[in-house]
Ligand code: UGY
Ligand code: MN
């Protein structure tokens with residue numbers, strides 16, 4: 001989908017946004033060196049979380065100190081060594097980690113061009129629920145399930161389905177023609193990146209052609225629907241807030 005000179009597929013609306021790789025502008029972020037960092041979604045947009053893409057050069061590193069912020073990181077491409085507190089492991093594409101609030105994390109020895117997608121949110125504790133524990137894992141080891149029984153829409157839930165967690169991150173993979181079964185309208189907010197393939201995303205009353213690398217923000221109650229198009233399967237990684245009281 002080449003863009004015409006002076007045109008963009010990006011759209012920043014009050015309750016949703018689409019940002020394409022052609023729109024990226026880097027920020028300098030404390031703790032990240034030898035890398036380009038693009039803050040794709042944060043409070044400036046109206047979101048209650050941040051979604052950031054880090055692309056490492058050889059010799060680059062991320063070293064983030066403990067705070068009230070929890071971090072989920074997903075290796076979109078390349079690989080490196082991740083540590084969260086005392087845990088340490090090599091991760092490749094599809095590898096991911098979860099650093100709870102109060103835990104420090106690092107990514108070191110990245111292959112040149114490694115892309116790491118981060119979802120970060122201030123942790124909201126729940127009385128009676130223990131703090132979540134650090135995780136380093138791989139999406140390849142997470143069993144998917146047909147979404148609402150549809151084998152053309154496969155859902156992998158990467159974090160434990162447990163009340164300790166106030167965020168979820170999932171991978172949704174669709175066969176060509178596969179689609180969300182209905183137009184969702186819900187209180188949960190989403191941040192999303194297309195991992196592969198292409199399709200059409202409905203956001204409120206607009207329909208957007210989307211492809212690999214595109215990022216979407218959906219505010220709470222943003223009407224949403226997706227259909228995968230083309231000859232290849234399409235997949236996206238997405239964040240949502242979960243497990244906390246309505247009031
Ligand atoms: O988990 C979800 O709300 C998911 N079905 N939403 C989405 O894919 N846009
Ligand atoms: Mn949804």
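For the stretch 25-140, the equivalent ellipsoid derived from the alpha-carbon gyration tensor has semi-axes of 22, 18, 12 Å in decreasing order. Out of every Cα pair in the chain, what percent are spaced more than 29 Å from each other? Above the 29 Å cut-off, the chain has 26 percent of its Cα pairs. Contact order for the chain, expressed relative to its length and based on alpha carbon pairs under 8 Å spaced 6+ residues apart, stands at 17 percent. Label separation (residue 155 vs residue 12): 3.2 nm, computed from points 7 Å beyond Cα along the C-beta direction. Projected label points at residue 127 and residue 205, each 7 Å from Cα along the beta carbon direction, are separated by 4.4 nanometres.
Gain in length, residue 27 to residue 175, computed as 0.36 nm per residue apart minus the alpha-carbon separation, to one decimal in nm?
49.7 nm
Value of Rg to Rh for the stretch 141-206, rounded to two decimals, is 0.95; Kirkwood radius and Rg both from alpha-carbon coordinates. Here is the tail figure for the stretch 45-84: Cα pairs spaced more than 17 Å apart come to 41 percent of all pairs. Remark: the stretch 114-247 projects, on average over all directions, an area of 9.1 nm² (convex hull of Cα atoms). Taking the stretch 4-72 on its own, what percent of its Cα-Cα pair distances exceed 21 Å? More than 21 Å apart: 36 percent of the Cα pairs in the stretch 4-72.
Computed from the coordinates by the stated procedures, all read-outs in this text should not be read as laboratory data. A quick note: this is a predicted structure, and the numbers were derived from the prediction, not measured. Heads up, the Cβs are rebuilt from the backbone with ideal geometry, glycines too, and the neighbour counts pull from every protein chain shown.
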